[in-house]
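Chemist: Have a look at this one.
The values are calculated or read from the model by the stated rules, or taken from the named source; none is laboratory data. Remember, it's a predicted structure, so these values are computed and weren't measured experimentally. Counting neighbours? That spans all protein chains shown, and the Cβs are built from the backbone with ideal geometry, glycine included. Heavy atoms of the whole protein, side chains included, go into the accessibility calculation; ligands, DNA and RNA do not. Shrake-Rupley method; radii C 1.70, N 1.55, O 1.52, S 1.80 Å.
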Amino acid sequence: MGSSMKIEDVRRTAYSMPLTNPSFPPGPYRFFDREYFIITYRTDPEALAAVVPEPLEVTEPVVKYEFIRMPDSTGFGNYTETGQVIPVRFKGEEGAYTHAMYLDDEAPIAGGRELWGFPKKLARPKIEVETDVLVGSLHYGSVLCASATMGYKHRKVDHDTVLKSMAAPNFILKIIPHVDGSARICELVRFHLDDVVLKEAWTGPAALGLFPHALCDVARLPVREVISALHFKADLTLGLGSVAFDYMAK
């Protein structure tokens, strides 16, 4: 038999698993016609404080529930995603912490978890237009966990306001365990959205329902009041991250 793959070959080619047939290609990752449906709502301060890790600071008891339709993305393909993003402050700078994400495509689940540390889980989110209503839903298996509705394109939104929010830093808690089950990597990762081309932005009346589920716990941050809704489309590049804080460092 021939010799095994050389150690240097492993070092040179390894960036994801499986070694010889990775679940996603190397970046950068460009998204075309990425469609966002975001409902901003007020929640319980105690529930919010229980899920946001230091050194991030909660600025107000507000959550952004996001549905994102990605029909054309390099490397990751065509998929839909949903989850909760929390406005936070880090060292005096305003940003957003990604608390939960659910989507329907293996490549961005693997890539998102391995590269950035996105808290991605497999589920069935949808965005669609039903007559005069924009509808977002999340099913985990057969169970409905989230339902969102918004009047379709009622009023235009100022593009500068949307672009400013998209330029803010984003934070994720990346956790990779050691072979004994303990944490080997535990980092607060910072990333940005780059080269954003905003195509349209709208608002309208909105409603959001979150329902309890054992493994899809979006209702852990309950809806107390819907503040606003936003629907927009953009092209953008998902930038690779940097380590903002290392929980394992002494």
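Chemist: Using a basic spin-label model with each label point 7 Å from the Cα along Cα→Cβ, how many nm lie between residue 131 and residue 16?
Modeler: Distance between label points: 4.2 nm.
Chemist: Then there is this: Can you return the lysines within cross-link range of residue 120? Criterion is Cα-Cα under 16 Å, with same-chain partners fewer than 8 residues away left out.
Modeler: 174
Chemist: Please give the FRET efficiency for residue 225 paired with residue 72, using the beta carbon to beta carbon distance and R0 = 22 Å, rounded to the nearest 0.05.
Modeler: Taking R0 as 22 Å, the efficiency between residue 225 and residue 72 is 0.05.
Chemist: Moving to a separate point now. Quick check: from the Cα gyration tensor, does segment 102-250 come out rounded (a/c under 1.5), prolate or oblate?
Modeler: Oblate, because a/c is 1.5 or more while a/b does not exceed b/c.
Chemist: At 1.4 Å probe size, with every protein chain present, just tell me what the per residue accessible area of the chain comes to in Å².
Modeler: 51 Å²
Chemist: From the phi of every residue in segment 57-74, what ³J(HN,Hα) in whole Hz does the Karplus formula 6.51 cos²θ - 1.76 cosθ + 1.60 yield, where θ is phi - 60° and glycine or proline is x?
Modeler: Residue by residue, segment 57-74 yields 10, 6, 8, 7, x, 10, 10, 10, 8, 10, 10, 10, 9, 10, x, 8, 9, 5 Hz.
Chemist: Right, here's the next one. In a Debye calculation with equal point scatterers on the alpha-carbon sites of segment 13-72 and no solvent, what is log10 I(q)/I(0) at q = 0.12, 0.15, 0.22, 0.25 Å⁻¹?
Modeler: Computed log10 I(q)/I(0) values: -0.60, -0.78, -0.87, -0.95.
Chemist: Quick one: Cα centre-to-centre distance for segment 23-49 and segment 181-202, in angstrom?
Modeler: If you average the Cα positions of each part, the centres end up 8 Å apart.
Chemist: Please report, largest first and rounded to whole Å, the three semi-axes of the ellipsoid equivalent to the chain, where each semi-axis is the square root of five times an eigenvalue of the C-alpha gyration tensor.
Modeler: Gyration-tensor ellipsoid for the chain: 32, 22, 18 Å.
Chemist: Taking amide H positions as placed 1.01 Å from N in the peptide plane, with prolines and chain starts having none, which residues 5 or more places from residue 157, or on another chain, fall under 5 Å of its amide H?
Modeler: 201, 202, 203
Chemist: Return the calculated 222 nm mean residue ellipticity for the chain, to the nearest 500 deg cm²/dmol, obtained by summing -39500 (n - 2.57) across DSSP H runs with n ≥ 4 and dividing by the residue count.
Modeler: Roughly -2500 deg cm²/dmol at 222 nm, from the helical runs in the chain.
Chemist: Put +1 on the Cβ of each Lys and Arg and -1 on the Cβ of each Asp and Glu in segment 27-246; which of 70, 96, 208 then has its Cα farthest toward the positive end of the dipole?
Modeler: 208
Chemist: Moving to a separate point now. I'd like the Karplus ³J(HN,Hα) series for segment 148-163: coefficients 6.51, -1.76, 1.60, θ = phi - 60°, whole numbers in Hz, and an x wherever there's a Gly or Pro.
Modeler: Per-residue couplings from phi come out as 10, 9, 8, x, 6, 6, 6, 9, 6, 10, 4, 5, 4, 5, 5, 5 Hz.
Chemist: Still on this structure, I have one more. Normalised by the residues of the chain, what does the relative contact order come to in percent, with Cα pairs under 8 Å and at least six apart?
Modeler: 21 percent
Chemist: Which residues' amide hydrogens lie under 5 Å from the amide hydrogen of residue 244, considering only partners 5 or more residues apart or on another chain, with H built in the peptide plane?
Modeler: Answer set, sorted by chain and number: 188, 189, 190.
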